[in-house]
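The structure under discussion appears below in the form of structure tokens.
Throughout, read-outs are computed from the coordinates displayed, never taken from laboratory work. Every value quoted in this text rests on a predicted model; they were computed, and no experiment measured them. Don't worry about glycine lacking a Cβ; one is built from the backbone with ideal geometry, like all the others, and counts go over all protein chains shown.
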């Protein structure tokens with residue numbers, strides 16, 4: 001059972017086996033890479049099938065429904081039935097669409113998410129040893145934005161185009177706080193390699209950088225385009241946005257991509273701020289590390305589903321104000337404070353450093369709260385319906401007094 | 001070349017194939033009965049007027065400009081963060097000055113109402 005302690009044994013065994021069969025060492029290495037990539041890519045793809053069931057069930061519970069419960073125990077086989085149905089649907093290609101781009105968009109949507117996975121450390125020394133890991137995530141993470149723009153453009157449908165435009169405005173705006181908040185763990189770990197970032201988290205970075213973690217999480221939900229920020233597909237306004245002309249398996253690929261992206265956000269959050277694969281016994285048994293990572297990611301993913309089930313969609317101007325006038329300035333301040341304090345506190349040991357940064361984050365949050373309260377006072381009074389008034393009028397104390405009550 | 005990047009190269013070849021496979025399978029498994037109405041543009045059942053490929057007012061072009069400036073400049077901060085231990089105080093202050101300039105640029109864009117969404 002030595003592979004439980006050192007998964008590299010499996011690779012070594014396969015390598016020796018293939019070389020023993022007469023393959024040249026170079027070719028064997030390539031074959032091993034292909035096998036590894038296949039395993040790492042199909043794993044998340046199969047996991048998506050469960051995620052779809054979980055999300056439908058969880059959202060149904062939040063909305064006081066039962067959710068899928070007919071196919072299989074607890075409706076567990078529902079996604080399989082859905083896949084079969086979608087596979088046998090007619091593949092409609094609109095006559096006016098740009099055929100090549102129309103085909104490429106769903107492929108890019110899913111491939112862009114799968115491509116995030118090689119940078120993620122799955123255990124001690126298992127995968128994720130990319131020297132510019134965080135930059136790689138930022139670069140590859142935007143591929144799905146392209147997919148949505150390509151989809152909206154190629155369909156030759158005005159609603160799709162509107163959806164795509166909104167998406168681009170949203171994605172480029174939320175990219176800035178993500179890049180800023182990712183700088184904080186890089187700064188704390190002094191490395192862009194995600195393995196190093198995990199190794200540096202003797203104290204989870206969420207303690208030292210709670211605000212950065214929060215900003216990363218919120219902005220990532222927006223980047224995925226999930227419900228509070230799902231203007232790109234707002235059903236009640238632009239029908240379905242960018243994927244209005246898609247059907248069958250192409251449609252399914254967009255959604256597999258979205259679900260997997262949401263889970264990947266959970267994984268990234270776990271790796272960057274919640275200690276990744278670290279946990280009791282994970283150093284000795286990498287498989288345990290994989291379990292811890294999965295557990296943390298799943299909890300974060302549940303929060304994303306929870307947010308989806310409980311928040312209403314926000315307006316486009318609010319959406320952009322939220323990132324440019326709230327998240328970005330805070331992220332810049334957090335980055336500066338972290339940089340200065342880290343230089344001062346580092347010689348005093350890890351515990352003091354984490355605690356100091358935590359206190360600093362708390363202070364920043366208090367200032368932000370005060371700022372928000374002052375902003376709130378300057379805003380116009382809210383729309384309140386008065387008795388006997390229709391339509392709804394703006395509430396003012398004078399009008400209220402004139403009514404005689 | 002580092003072996004990790006070979007692995008990622010393999011991934012870049014493999015990921016599109018894995019994503020394309022179900023679509024191609026679905027394309028051949030499903031029926032094929034196209035007709036002009038089915039293949040028409042779906043815009044809530046209304047008759048389509050013109051093309052969607054027209055000149056369109058891109059409302060967010062100012063956001064895009066600000067984003068471009070921010071994203072390009074933020075990438076410069078990554079090496080600064082990685083080499084933080086080796087930096088003398090002067091380089092740290094320089095980095096902070098850089099962030100303050102970014103913040104000033106943000107405030108400027110804010111005051112000039114580049115960050116407001118107009119209809």
Expressed as an acute angle from 0 to 90° and rounded to the nearest 10, what is the orientation of the C-alpha long axis of helix B:61-82 relative to the principal long axis of chain B?
50
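Given contacts defined as C-alpha pairs under 8 Å and at least six residues apart, what's the relative contact order of segment A:1-79, whole-number percent? Intermediate values should be presented prior to the final figure.
Values: 41 pairs, mean separation 12.7, N = 79.
Normalised by residue count, the contact order of segment A:1-79 is 16 percent.
What is the packing order of peptides A:61-70, B:11-20, taking the mean over residues of other C-beta atoms within 10 Å and listing the highest first? Provide the component values of the computation, followed by the final result.
Details: A:61-70: 12.6, B:11-20: 18.9.
Output ranking for A:61-70, B:11-20: B:11-20, A:61-70.
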With Cα springs under 10 Å, the Gaussian network model of chain A assigns the largest mean-square fluctuation among A:331, A:282, A:39 to A:39
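What is the ratio of the Cα radius of gyration of segment A:89-378 to 2.2 N^0.38 Å, with N the residue count, to two decimals? Write down the numbers at each step before the final one.
Details: Rg = 20.1 Å, N = 290, 2.2 N^0.38 = 19.0 Å.
Normalised Rg, Cα atoms only: 1.06.
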Burial order of peptide ranges B:33-40, A:214-221 (average beta-carbon count within 10 Å, highest first)
A:214-221, B:33-40
Pick from A:197, A:178, A:314: which residue has the top mean-square fluctuation in a GNM of chain A where Cα pairs under 10 Å get a spring?
A:314
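From other protein chains only, count the Cβ atoms within 10 Å of every residue's Cβ in A:73-81, then give the mean.
Details: counts 0, 0, 0, 0, 0, 0, 0, 0, 0.
Shielding by partners across A:73-81 averages 0.
Calculate the mean, over all residues of peptide A:162-170, of how many other protein chain Cβ atoms lie within 10 angstrom of the residue's Cβ. Walk me through the numbers before you get to the answer.
Numbers: counts 2, 0, 1, 5, 2, 0, 5, 8, 2.
The per-residue average across the peptide is 3.
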Rounded to two decimals, what is the ratio between the C-alpha radius of gyration of chain B and 2.2 N^0.38 Å?
1.84
Just to confirm the number: angle between the C-alpha axis of helix B:89-111 and the first principal axis of chain B, 0 to 90 degrees, nearest 10?
50
Percent relative contact order of chain A, based on C-alpha pairs within less than 8 angstrom and at least six residues apart?
18
Separation of segment A:191-207 and segment B:3-46 by C-alpha centroid, Å?
38
Which order do the peptides A:269-276, A:90-97 come out in when sorted by mean C-beta neighbours inside 10 angstrom, highest first?
A:269-276, A:90-97
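Under the Kirkwood approximation for Rh and a Cα-based Rg, what ratio Rg/Rh is obtained for the protein assembly as shown?
On the way: Rg = 25.2 Å, Rh = 25.3 Å.
Radius of gyration over Kirkwood radius for the protein assembly as shown works out to 1.00.
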Using helices alone, what [θ] at 222 nm do you get for chain A, with -39,500 (n - 2.57) per DSSP H run of 4 or more residues, divided over all residues and rounded to the nearest 500?
-22000 deg cm²/dmol
Averaging the inverse of every distinct alpha carbon separation and then flipping it gives the Kirkwood radius. What is it for segment A:1-79, in angstrom units?
15.8
Quantify how strongly other chains surround peptide A:179-190 by giving the mean number of their Cβ atoms within 10 Å of each of its Cβ atoms.
4
Could you line up A:136, A:174 from fewest to most neighbouring Cβ atoms inside 10 Å?
A:136, A:174
Residues A:357, A:17 in order from fewest to most other beta-carbon atoms within 10 Å are A:17, A:357
Sort A:261, A:318 so the one with the fewest other Cβ atoms within 10 Å of its own Cβ comes first.
A:318, A:261
